[in-house]
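Below: the structure, in structure tokens.
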Amino acid sequence: DGVQEAAIFRLDGEGTATLPVIGNINLNGLTQREAANKVQSLYAKSLFKDPIIELTIVDYQVTLLGESFKPGNYRLERENIDLIDLIGRSGGFSPYADPSRIKIIRGDRQNPEVIIVNLKQIKSLASSKLILRNKDIIYIPSRGLFNISEGIKSYSAIIQPAFLIVNGLLLIYSLGK
């Protein structure tokens, strides 16, 4: 005869929940399945014979920064959403994006894990590290050539009038001979 009870426990900013009997438990950086297994094993040791623990994430969020059409915070309603899904939701890459140097910043902000993703290589799509986790930060950098071309464009606003003046002076000088 099994008793089913549902309870809601919120994680604090550090990823810690306070559970009955067990007390504080840190679930930061764990997947939904890993967190359920951890809670289940702790309850099996202290209270229940064969507990079945089911966890549901109700507030799962990642932050997308950089060269995307819609950077910002994204709520994810389920686990196993990957980087490609998020980029699709954001409208894709901007024309200036460098998909070969995407960074996923994960875990503790004091000592984060930084995962570099090269989406120009098909084999990188198979990586399990592309599955997003709560509080991940995704940064899509701009292409280096874009930065150089933007610098040239800003200088061209100065250089073009100077060339016009020099050409005009050369024309007047050559007509005067």
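The values are calculated or read from the model by the stated rules, or taken from the named source; none is laboratory data. What you are looking at is a predicted structure, and each value in this text was computed from that prediction instead of being measured. Methodologically, a virtual Cβ is constructed for each residue, glycine included, from the backbone with ideal geometry; neighbour enumeration extends over all protein chains shown. Keep in mind that these areas ignore ligands, DNA and RNA; they rest on the heavy atoms of the full protein, side chains included. Shrake-Rupley method; radii C 1.70, N 1.55, O 1.52, S 1.80 Å.
Restricting to segment 96-107, give me the number of residues that are out of contact with any Asp or Glu (no Cβ under 8 Å at 6 or more places or on another chain), open to solvent by less than 80 Å² (accessible area, probe 1.4 Å), touching a residue at least 24 places away in the same chain (Cβ under 8 Å) and in a loop (DSSP other than H, G, I, E, B).
1
For Leu119, state whether it is among the hydrophobic types (A, V, I, L, M, F, W, C), in contact with a helix residue (DSSP H, G or I) (Cβ under 7 Å, 6 or more places away or on another chain), modelled with pLDDT of 80 or more and open to solvent by less than 90 Å² (accessible area, probe 1.4 Å).
Numbers: among the hydrophobic types (A, V, I, L, M, F, W, C): yes; in contact with a helix residue (DSSP H, G or I) (Cβ under 7 Å, 6 or more places away or on another chain): no; modelled with pLDDT of 80 or more: yes; open to solvent by less than 90 Å² (accessible area, probe 1.4 Å): yes.
Against the criterion (among the hydrophobic types (A, V, I, L, M, F, W, C), in contact with a helix residue (DSSP H, G or I) (Cβ under 7 Å, 6 or more places away or on another chain), modelled with pLDDT of 80 or more and open to solvent by less than 90 Å² (accessible area, probe 1.4 Å)), Leu119 does not qualify.
Go through segment 38-55 and give me each residue that's hydrophobic (A, V, I, L, M, F, W, C), open to solvent by less than 100 Å² (accessible area, probe 1.4 Å) and within 34 Å of the chain's Cα centre (by Cα).
Those that are hydrophobic (A, V, I, L, M, F, W, C), open to solvent by less than 100 Å² (accessible area, probe 1.4 Å) and within 34 Å of the chain's Cα centre (by Cα): Val39, Leu42, Ile53, Leu55.
For segment 128-146, give me each residue that is among the polar types (S, T, N, Q) and in contact with a Leu (Cβ under 9 Å, 6 or more places away or on another chain).
Scanning segment 128-146 gives a single hit, Asn134.
Any residue in segment 27-41 that is in a loop (DSSP other than H, G, I, E, B), at pLDDT 90 or above and under 30 Å from Ser142 (Cβ atoms)?
Looking through segment 27-41, none of the residues is in a loop (DSSP other than H, G, I, E, B), at pLDDT 90 or above and under 30 Å from Ser142 (Cβ atoms).
Among the residues that make up segment 56-69, is at least one of them open to solvent by 90 Å² or more (accessible area, probe 1.4 Å) and among the aliphatic types (A, V, I, L, M)?
yes
Pairs under 7 Å by beta carbon, first residue over 14 Å from Ile140 (Cα atoms) and touching a residue at least 12 places away in the same chain (Cβ under 8 Å) in segment 61-88, partner outside any loop (DSSP other than H, G, I, E, B) and of a type in the set (Phe, Trp, Tyr), six or more apart or different chains?
Gln61/Tyr74; Arg75/Tyr60; Leu76/Tyr60
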